[in-house]
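Read through the structure below, which is laid out as structure tokens, and then see the notes.
The values are calculated or read from the model by the stated rules, or taken from the named source; none is laboratory data. Here the structure is a predicted model, which is why all the values come from computation and not from measurement. In this analysis, Cβ positions are derived from the backbone assuming ideal geometry, glycine residues included, and neighbour counts consider all displayed protein chains. Only protein heavy atoms, including side chains, enter the accessible area calculation; ligands, DNA and RNA are left aside. Shrake-Rupley method; radii C 1.70, N 1.55, O 1.52, S 1.80 Å.
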Amino acid sequence: MITTPITIDLLRGALDLEQTERGVLPHRLPAWARTQYDDGQMSMVDSQPSGVRLVFGTSATAIELDTLPTKRDYTGAPPRPDGVYDVLVDGQLHTQLTAQGGDVITIDLTTGATETRRGQTQTLRVTGLAAVPKTVEIWLPHDETTELVALRTDAPVEPVAATRRVWLHHGSSISHGSNATHPTGTWPALVAAQAGVELINLGFGGSAYLQPFIARTIRDTPADLISLKLGINIVNSDGLRLRAFTPAVHGFLDTIRDGHPDTPLLVVSPILCPIHEDTPGPTGWDLAALAAGELRFTATGNPDEIPAGKLTLSVIRAELARIVAQRALTDPNLHYLDGRELYGEADNLNHPLLDDLHPDATTHTLLADRFTRHTFTSKGPFAD
């Protein structure tokens, strides 16, 4: 077997590759951006490689990938499934693999306390491939921190140049892929496959707060198409009042436009989320459900505070629509999509949010189909 160093030119969807004690760790934020926050949640989701994949050309019949996953174990909650690796050959799903071992972080949701247990490197094997030239993609688990230790094949590998348009998407946990069952089953990955574009997924679970370092990352990253799904985490955290939210959105868009003055840019408001449509945040754990072994959320804010600037999803949608309409007068490549076009009242009846906040795997497909139709068709802002 030939061992090939895992370098950034073999990866797509990653903006940085950190050398670690045991291998290399793909990041979806550059190193300079990671110095601008001290937030365990942001650090965790940045290192979860949603949309990140190894891509190489080879005639190999056998492939081995040594990985070191980091699992999460929530005290009192059902065990989380192992992360899935999707292996594609010439664009078609060939097999799915899991790495059962690795490090484990135990998290107590009631206190926030964590404990880490170190584990061993795991080896994934793909065999029986045809001995012909082909492009292999190994999509890493979208919600499981994954260090890459070694890549071995029985024939040489080489990088494959990307030739399709690059779509950069930023959002929260739904864009990250929460409750999707495998990495090519997240709604952004499904859209990328349907539309024939290269995905850079900057969806960060629980961490889309209009941070300037994310805007600058988007500004500095080459992209042909950009979409921003904004708002839900601002409500979840009760992080801003309306008076601060409006200039923060303008500043976020201004920074992106500094690097992408004419790139098609789509602002997407939150999908329907009944608990926060007219009730402000913060979002809290449903402790009764947690005691029963379920993860569910509840809105804890006071609607009487909305006139004082407390944010709900209804307020945010109206303000995002107003901001985009105002800016579009001088920015014809700026567009708006109401998130309820992707998931609305009728959808909530047929496919209720699993934990009152996140869609299930079937709904990811629904979101993808509708986003592709609204955005990439002949009249959409991303039409080719």
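Within 17 Å of residue 176 (Cβ to Cβ) and in contact with a Phe, Trp or Tyr (Cβ under 8 Å, 6 or more places away or on another chain) - does that describe any residue in the range 53-65?
Yes, the range 53-65 contains at least one residue that is within 17 Å of residue 176 (Cβ to Cβ) and in contact with a Phe, Trp or Tyr (Cβ under 8 Å, 6 or more places away or on another chain).
Filter the range 264-276 for residues that are open to solvent by 20 Å² or more (accessible area, probe 1.4 Å) and out of contact with any Phe, Trp or Tyr (no Cβ under 8 Å at 6 or more places or on another chain) and give the result.
274
I want to confirm something. Restricting to the range 174-183 and keeping residues that are at pLDDT 95 or above and surrounded by fewer than 22 Cβ atoms within 10 Å (Cβ to Cβ), which single residue is nearest to residue 11 (Cα to Cα)?
Ranking the candidates gives 182 first.
Which numbered condition trips up residue 296, out of (1) at pLDDT below 95; (2) open to solvent by less than 50 Å² (accessible area, probe 1.4 Å); (3) touching a strand residue (DSSP E or B) at 6+ places or on another chain (Cβ under 9 Å)?
With respect to (1) at pLDDT below 95; (2) open to solvent by less than 50 Å² (accessible area, probe 1.4 Å); (3) touching a strand residue (DSSP E or B) at 6+ places or on another chain (Cβ under 9 Å), residue 296 is out only on (2).
Exactly one condition in (1) within 17 Å of residue 186 (Cα to Cα); (2) of a type in the set (Gly, Ala, Ser); (3) touching a Ser or Thr at 6+ places or on another chain (Cβ under 7 Å) is false for residue 14; which is it?
Failing condition for residue 14: (3).
Scan the range 234-247 and report the pairs whose first residue is open to solvent by 50 Å² or more (accessible area, probe 1.4 Å) and whose second residue is of a type in the set (Asp, Glu) and at pLDDT 95 or above, with Cβ atoms within less than 8 Å and a gap of 6+ or a chain change.
242/319
Taking the range 192-220 as the search range and keeping residues that are small (Gly, Ala, Ser) and either farther than 22 Å from residue 139 by Cα or out of contact with any Asp or Glu (no Cβ under 9 Å at 6 or more places or on another chain) (or both), which one is surrounded by the fewest Cβ atoms within 10 Å (Cβ to Cβ)?
Selected residue: 193.
For the range 239-259, does any single residue satisfy the condition of being at pLDDT 95 or above and under 23 Å from residue 347 (Cβ atoms)?
The answer is no, given that none of the residues of the range 239-259 is at pLDDT 95 or above and under 23 Å from residue 347 (Cβ atoms).
Given the conditions (1) open to solvent by 10 Å² or more (accessible area, probe 1.4 Å); (2) touching a Leu at 6+ places or on another chain (Cβ under 7 Å); (3) part of a helix (DSSP H, G or I), and given that residue 307 satisfies all but one, which numbered condition is not satisfied?
Unmet condition: (2).
Condition test on residue 281, is it out of contact with any Phe, Trp or Tyr (no Cβ under 6 Å at 6 or more places or on another chain), under 25 Å from residue 108 (Cα atoms) and loosely packed, with under 15 Cβ neighbours inside 10 Å? Step through it out loud before you land on a result.
On the way: out of contact with any Phe, Trp or Tyr (no Cβ under 6 Å at 6 or more places or on another chain): yes; under 25 Å from residue 108 (Cα atoms): yes; loosely packed, with under 15 Cβ neighbours inside 10 Å: no.
It is false that residue 281 is out of contact with any Phe, Trp or Tyr (no Cβ under 6 Å at 6 or more places or on another chain), under 25 Å from residue 108 (Cα atoms) and loosely packed, with under 15 Cβ neighbours inside 10 Å.
In the range 41-93, which residues are outside any strand (DSSP E or B) and closer than 16 Å to residue 6 by Cβ?
47, 49, 52, 60
Considering only residues that are touching a Gly at 6+ places or on another chain (Cβ under 7 Å), part of a strand (DSSP E or B) and open to solvent by 20 Å² or more (accessible area, probe 1.4 Å), which ones fall in the range 135-156?
Matches in the range 135-156: 135, 147, 149.
Pairs under 8 Å by beta carbon, first residue farther than 28 Å from residue 43 by Cβ and in contact (Cβ under 8 Å) with a residue 40 or more places away in the chain in the range 138-161, partner aromatic (Phe, Trp, Tyr) and assigned to a strand (DSSP E or B), six or more apart or different chains?
Listed pairs, sorted by first residue: 157/56; 158/56; 159/56; 160/56.
Please specify each residue of the range 78-106 satisfying the condition of being in contact with a helix residue (DSSP H, G or I) (Cβ under 7 Å, 6 or more places away or on another chain) and modelled with pLDDT under 95.
Result: no residue meets the conditions.
Condition test on residue 189, is it among the small types (Gly, Ala, Ser), modelled with pLDDT of 95 or more, surrounded by fewer than 20 Cβ atoms within 10 Å (Cβ to Cβ) and under 23 Å from residue 371 (Cβ atoms)?
Here the answer is no, as residue 189 does not meet what is asked.
Hey, among the residues in the range 268-295 that are farther than 21 Å from residue 338 by Cα and in a strand (DSSP E or B), which one's nearest to the chain's Cα centre (by Cα)?
283
Going through the range 223-267 one residue at a time, which ones are part of a loop (DSSP other than H, G, I, E, B), under 18 Å from the mean Cα position of the chain (by Cα) and over 16 Å from residue 310 (Cβ atoms)?
Within the range 223-267, 223, 230 qualify.
Quick check on my filter: what residues within the range 325-369 are open to solvent by 50 Å² or more (accessible area, probe 1.4 Å) and basic (Lys, Arg)?
Hit for the range 325-369 is 340, nothing else.
Each row is one residue, and each column tells you yes or no for (1) surrounded by 14 or more Cβ atoms within 10 Å (Cβ to Cβ); (2) touching a residue at least 40 places away in the same chain (Cβ under 8 Å); (3) hydrophobic (A, V, I, L, M, F, W, C).
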position	(1), (2), (3)
71	yes, yes, no
79	no, no, no
84	yes, yes, yes
91	no, yes, no
102	yes, no, no
113	no, no, yes
118	no, no, no
129	yes, yes, yes
